[in-house]
Amino acid sequence: MAQSEILEQSTDLPPVFASGPVQWARRHLFSSVGQTLLTLFVAAVSARILWFVLNWAVLDAVWFATDPQACRDAAGACWAVIAEKHRPILFGMYPYDQHWRLVLFIVIYLATVVASLTPACWSRRILLPLWAFAVGAMTILMFGGVFGLPYVPTSEWGGLPLTIILFTGSVLFGMPIAVVLALGRRSPLPVARGLSVIFIESLRGVPLITILFVAVNIFPLFLPAGMEVNKLLRITLSIAVFFACYQAEVIRGGLQAIPRGQYEAAASLNMTYWQTTRRIILPQALRICLPAMTNHVIAAMKNTSFVIIIGLFDILTATTAVMQDPLWRQFYIEAYLFVALIYLVFGLALSSYARRVESWVAVGRI
Amino acid sequence: MNGVSKWYGTFKVLNNISLDIRKGERVVMCGPSGSGKSTLIRCINRLEEHQKGEIFVKGIELTDSVKNIAAVRSNLGMVFQSFNLFPHLTVLENLTIGPTLVRQMKRKDAEELAMHFLRKVRIPEQAHKYPLQLSGGQQQRVAIARSLCMEPEIMLFDEPTSALDPEMIKEVLDTMIELAESGMTMIVVTHEMGFARTVADSVFLMADGNIVERAGPEEFFANPKHERTRNFLDQILKH
């Protein structure tokens, strides 16, 4: 009896709706006369735009030419400018015959970052030697001066490696500063709290350009005579603290989301403030604010392009400089599209990785 | 505990409370909500600060001294109404984090200890799950095991079954009864009168920041001296 009841119930399935592309289109695109007209209009406009882009970017484009005249004669895009100018765009004013060092730099960098973001490699025994080796190798490659590599001062660095150094440096220095500031802002000690608030609010209230200007032009005035701090280092640290002030506020949001019971449970186990913070509170807070933190990391990547105002040739500034060449000047759109593509690839990689981390967090894998 | 008072703003939650609890004694505190019983138990391990009077645990006075607070807390285990397990750690890690960090035990020893207490609360098979994958009753038993891993001499329970469905209350109470039978000193804030009757050495009734009645369970339930206690028992035992 009971069994037959269950069998009967199992035939009682939810009603089935017709599905498939045709039904979907009918429901969403052609449900009424107005809808149908709107759909047709949008389709026509989109087709027109796509056709224009296709013509310009592919059909009428010039892909290979050593002479800019070939580009001028054509109606479409001049991708030849990238073949012609990609080296100064990517590598700036770095000595031309040493560019292989920068290629190697980028390869080591990407390999290290990819390895560091893979959960299988998350142990001190792997990451510490890996980063020690990578930073050492990358420093030697950039500076030279040993192993028969000619010395290249930081003032000649440029292009993509410079953007990578500024971005990575500012995030690596900035994250710990952000955590300390966020903790300081919620500290029970009035002095720590006051200092954090003043630091965060005063730097957040100022444009990044001002901070860079101070770091480059005003900061050296305060140093004793003869002492000098490398300009690239000053810039990196400036972007780092700027990044840290925004990130600190994000992390503070995560800290505030942790229920009081977590602190009380840790206290009842007799854990100290630092043990509680490091093992109980921060791991949860950082998981909570992961999406917002990703946001600021991506912003930090693009903020590196502000160094244009203080004379560092990051990839964007290098492009601007390269496109001063009167022969190729008119094809600056293609050159900037190329740089935009590089930024886009980095940005998409960051955001898709962050999404994956979020899904790991959701299933409790990390 | 001697003449302890505490105010929230101008509201006096604890009014000049004095009491002694002996080693091995099992005390149940009950009373209407807002009567100060949770506050009192939380003062004992300094999750709340009392403003007047003195509290001694095993001869150590609770003061501002961080050293004293740590010394007192090392004798105390606490179980909360809302479990307060660490959701980012597995059950086993929840149990070993205290022993490894605070008592500096070796990981392997801490894990053995943890498994010992997980068996005691009868959920060793859940060791590698995360707290939110368990039922409320299982979570509370993990919380009890987590406190026991610190090997305290006194266990504080702050309404341990109030957040649970009826069928889960029993499994938690069973665990607590076993713990009581092992001779642990326990201070329990609860409305589970059955539990009070079975295991308590003395039962307190708190109201408006005062201890109104303190008696052995038979006398407390059969022959309460105070009007207040009779009203409370009427309310709670009626259904």
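The values are calculated or read from the model by the stated rules, or taken from the named source; none is laboratory data. Computed from a predicted model, the values in this text were never measured in an experiment. When we count neighbours, we look across all protein chains shown, and the Cβ atoms used for this are built from the backbone with ideal geometry, even at glycine.
One table, with the values for the structure above:
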quantity: Index of the failed condition, B:Arg197 passing every other in (1) in contact with a Pro (Cβ under 6 Å, 6 or more places away or on another chain); (2) surrounded by 21 or more Cβ atoms within 10 Å (Cβ to Cβ); calculated: (2)
quantity: Residue count for the stretch B:122-136, restricted to those that are in a helix (DSSP H, G or I), more than 14 Å from every other protein chain (Cβ to nearest Cβ) and crowded, with 20+ Cβ neighbours inside 10 Å; calculated: 0
quantity: Qualifying residue in the stretch A:27-39 (condition: closer than 26 Å to A:Phe338 by Cα and either assigned to a helix (DSSP H, G or I) or touching a His at 6+ places or on another chain (Cβ under 8 Å) (or both)); calculated: no
quantity: Every residue from the stretch A:104-138 that is surrounded by fewer than 12 Cβ atoms within 10 Å (Cβ to Cβ) and not in a loop (DSSP other than H, G, I, E, B); calculated: A:Val107, A:Pro119, A:Ala120, A:Arg124, A:Arg125, A:Leu128, A:Pro129, A:Ala132, A:Gly136
quantity: Condition met for A:Arg87 (within 30 Å of A:Ala335 (Cβ to Cβ), touching a helix residue (DSSP H, G or I) at 6+ places or on another chain (Cβ under 7 Å) and at pLDDT 75 or above); calculated: yes
quantity: Of all residues making up the stretch A:241-265, the number that are surrounded by fewer than 23 Cβ atoms within 10 Å (Cβ to Cβ), of a type in the set (A, V, I, L, M) and touching a residue at least 40 places away in the same chain (Cβ under 8 Å); calculated: 3
quantity: Residues of the stretch B:73-86 that turn out to be more than 7 Å from every other protein chain (Cβ to nearest Cβ) and either surrounded by fewer than 22 Cβ atoms within 10 Å (Cβ to Cβ) or β-branched (Val, Ile, Thr) (or both), as a count; calculated: 3
quantity: Restricting the stretch A:145-178 to residues that are among the hydroxyl-bearing types (Ser, Thr, Tyr) and in contact (Cβ under 8 Å) with a residue 24 or more places away in the chain, the residue that is surrounded by the most Cβ atoms within 10 Å (Cβ to Cβ); calculated: A:Thr163
quantity: Residue in the stretch B:214-233 that is at pLDDT 85 or above and on the phi > 0 side of the Ramachandran plot present; calculated: no
quantity: B:Val102, sole failed condition from (1) surrounded by fewer than 20 Cβ atoms within 10 Å (Cβ to Cβ); (2) more than 13 Å from every other protein chain (Cβ to nearest Cβ); (3) within 21 Å of the chain's Cα centre (by Cα); calculated: (2)
quantity: Failed item, numbered, when A:Ala215 is tested on (1) modelled with pLDDT of 85 or more; (2) over 21 Å from the mean Cα position of the chain (by Cα); (3) closer than 18 Å to A:Ala300 by Cα; calculated: (1)
quantity: Residues of the stretch A:179-196 that turn out to be surrounded by fewer than 21 Cβ atoms within 10 Å (Cβ to Cβ) and either under 14 Å from A:Leu286 (Cβ atoms) or among the β-branched types (Val, Ile, Thr) (or both), as a count; calculated: 3
quantity: Unmet requirement for B:Arg26, which otherwise passes all of (1) at the interface with chain A (Cβ under 10 Å from one of its Cβ atoms); (2) basic (Lys, Arg); (3) under 18 Å from the mean Cα position of the chain (by Cα); calculated: (1)
quantity: Cβ-Cβ under 8 Å pairs, at least 6 apart or on other chains, the stretch B:150-169 side within 13 Å of another protein chain (Cβ to nearest Cβ) and farther than 26 Å from B:Met105 by Cβ, far side among the charged types (D, E, K, R) and crowded, with 21+ Cβ neighbours inside 10 Å; calculated: B:Asp158/B:Arg42
quantity: Any hit, the stretch A:259-268, residues being part of a helix (DSSP H, G or I) and more than 14 Å from chain B (Cβ to nearest Cβ); calculated: no
